[in-house]
Amino acid sequence: MQLRRSIPRLSVAALVALAGVPFASAQTTLYTLSGQAANDRLGVSLAYVGDLNGDGRAEFVVGAPENGNVFTIAEGYARVYNGATGLSLYLFNGGATSDGFGTAVGASDVNNDGKPDILVGAPTAGTASSQVGKVYVFNGATGSSTPLFTFTGPASNDQLGAAVAGAGDVNGDGFQDVIAGAPASTSSRGLIRVFSGQNGAVLHAINGVASSDNFGYSVDGVGDLTGDGRSEFVVGSRLAGAKVYNGSTGAVLYTILPVGNDRIGTSVAGCGDVNGDAVPDFIVGAPQDGNIFSPGNGYAKVYSGATGAVLWTVNGDGGGDRFGWSVGSGRDVTGDGRADFLVGADQTGGASIGYARLFSGASGSVLHTVAGVNTGERFGIAVDLLGDLNNDGNGEFAAGIPGTTVGANAQAGQAKVFSYQPGANSVFTAFCFGDNLDLQVTTDCPCANFGAAGRGCANSTNAAGALLAATGAAVPDTVVLDVSGMPATVACIFLQGDAITDSVFGDGVNCAGGTLVRLRTKTANAGAASFPDSADTVSLSVRGGVTPGSSSLRYYGVYYRNAATSFCPPATHNISNGWKILW
């Protein structure tokens, strides 16, 4: 741990004279894709596909099970979008009402033509009483509505297709294979099947052990971990953790055991090489939603494919966030040669607004946080990294928002694609973290109340501390400041400064100073607030009196009340991490 000097804490009156600090890199919204009708729930699932049309940009697929109204459930559909334009490339429709077609999506080049093929799960397909579930494989080169393969669950109520993914080449025949989960099989013990891409034969059939385990709730290919030229695969469950299997033999390589009500294994994904050892790694999500009366924040762990050791652990912001409900990885967003990873939190344990957070695979640090706006959106229920779609040298990433209203269409759903823009030269980035790790901060949190990585100092209701993030771009100004992790309904003030400081500020550490502008006072909703929001009529730059394109550097932070006098006395206020923007 680094040595730091001790600085006396400031008076409460200094609150008005201080503000700001920075933390993560920028992004812009590249595409917003919307469901076509009410209750479509577009964005329940999404996945990277790969280049289908030969333009060097990857395509991606988004599912819409059309089940927002339980009394009028439609067939469901899945759309493949052109990565370069955001336009619909293919549309695949379910075969019958209540199929749940689009509940899960993925991709795998099963016919070895160099073009990934499209996987769509329909877990409730079959009769109303059977729901065997089906997985459809569509030709990615042609977009034909006639499937290359249709895989059907082996028994009633199996719900095969609740999870689908490309498995990689499991048997070494040169064809990419398919893995599918049926978590409802046999009193919800669950099962998975790995199907040959060459001929559709079952390569591996693995069953869950105990009732209600929901084995097969999540699945993915991992890549070759053993050096035998065959791909391994990972399977998650709701109650029994996750396991990584040898693709050649089906033997268990690694077991991730559940702890309490963590629900680790709810989501899984192959990561690509995170730590630079030339062996693919994997990520497992734990939304901690097993106890509805006391849900945890949720977390995700990245594991070494070579050893099974934990490489990174990242945590959600607050109880009920369900951080780790979704995970995505496998691609390098930052261009540093390491795969990065993305974690979603649909916040169903609270207001269901939701958020997703992008992390560096090389350092485990937060690169960016994107979030929903309205109650019930469930932003981040599905996430994935998409590669470089706009050819700017940086990667894009996507999040599903199935609960959002589009026009008059409730739960039409959306998926948003964000373009990562690095915060090099402190142009649009976070800093001033209360995690005791930030080399830019020489002042400790005043009562050793260190927060989580990339956040402010801990507060009385959230040991992780408050998180300030920003979305949009400086030129033209579309910036929105988003703060979360505060006490539920506290008053907070968005602040702008024109200089850096580094000093105790109530229960936290402030790094923004100089001439301060009180941008807006807000009341938190579930510990979160934004500026500007729908009630504001001015932009951040207008309110702050700074001109976009002027190369003026400004620093931002959010002061908030923290009324528990027994926490880090005598102060009753705190501050988020900071954000800096070069206008």
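No other residue among 110, 105 is in contact (Cβ under 8 Å) with a residue 24 or more places away in the chain, of a type in the set (A, V, I, L, M) and part of a loop (DSSP other than H, G, I, E, B) apart from 110. With respect to the stated conditions, residue 502 is farther than 20 Å from residue 316 by Cβ, in contact with a Cys (Cβ under 9 Å, 6 or more places away or on another chain) and either assigned by TED's automatic domain parsing to the domain that holds residue 370 or modelled with pLDDT under 90 (or both).
Taken residue by residue, the stretch 214-228 has at least one member that is charged (D, E, K, R), within 26 Å of residue 284 (Cα to Cα), surrounded by fewer than 22 Cβ atoms within 10 Å (Cβ to Cβ) and within 26 Å of the chain's Cα centre (by Cα).
Assess whether residue 504 counts as being closer than 24 Å to residue 453 by Cβ and touching a Gly at 6+ places or on another chain (Cβ under 7 Å). Answer is no for this residue.
Scanning the stretch 389-419 for residues that are closer than 28 Å to residue 55 by Cα and among the polar types (S, T, N, Q) gives 390, 391, 394, 414, 419. Hey, can you tell me all the residues within the stretch 539-570 that are of a type outside the set (Ser, Thr, Tyr), out of contact with any Leu (no Cβ under 9 Å at 6 or more places or on another chain) and assigned to a loop (DSSP other than H, G, I, E, B)? The answer is 545, 548, 549, 562, 563, 564, 567, 568, 569, 570. If you go through the stretch 199-209 and keep only what is assigned to a loop (DSSP other than H, G, I, E, B) and loosely packed, with under 14 Cβ neighbours inside 10 Å, you end up with 199, 201, 209. Looking at the stretch 144-159, can you tell me whether even one residue there is buried (at least 19 other Cβ atoms within 10 Å of the Cβ), under 26 Å from residue 329 (Cβ atoms) and small (Gly, Ala, Ser)? Within the stretch 144-159, none of the residues are buried (at least 19 other Cβ atoms within 10 Å of the Cβ), under 26 Å from residue 329 (Cβ atoms) and small (Gly, Ala, Ser).
Out of 305, 296, 285, 318, one residue alone is crowded, with 24+ Cβ neighbours inside 10 Å and in a strand (DSSP E or B). It is 285. Put simply, of 226, 150, 146 the only residue that is of a type in the set (Ser, Thr, Tyr) and in contact (Cβ under 8 Å) with a residue 24 or more places away in the chain is 226. Would it be correct to say that residue 454 is at positive phi, modelled with pLDDT under 90, out of contact with any His (no Cβ under 7 Å at 6 or more places or on another chain) and surrounded by fewer than 21 Cβ atoms within 10 Å (Cβ to Cβ)? When the stated conditions are applied, residue 454 does not pass them. For the structure I just gave you, tell me whether residue 367 is buried (at least 23 other Cβ atoms within 10 Å of the Cβ), touching a Ser or Thr at 6+ places or on another chain (Cβ under 7 Å) and modelled with pLDDT under 95. So residue 367 passes the test.
Output yes when any residue across the stretch 255-264 is in a strand (DSSP E or B) and touching a strand residue (DSSP E or B) at 6+ places or on another chain (Cβ under 7 Å), and no when none is. Looking through the stretch 255-264, at least one residue is in a strand (DSSP E or B) and touching a strand residue (DSSP E or B) at 6+ places or on another chain (Cβ under 7 Å). Restricted to strands (runs of 3 or more DSSP E) entirely inside the stretch 129-178, no element has at least 1 residues that are at pLDDT 95 or above and of a type in the set (Asp, Glu).
The values are calculated or read from the model by the stated rules, or taken from the named source; none is laboratory data. Since we're looking at a predicted model, the values are computed, not measured. Note: ideal-geometry Cβ built from the backbone for every residue, glycine included; neighbour counts use all protein chains shown.
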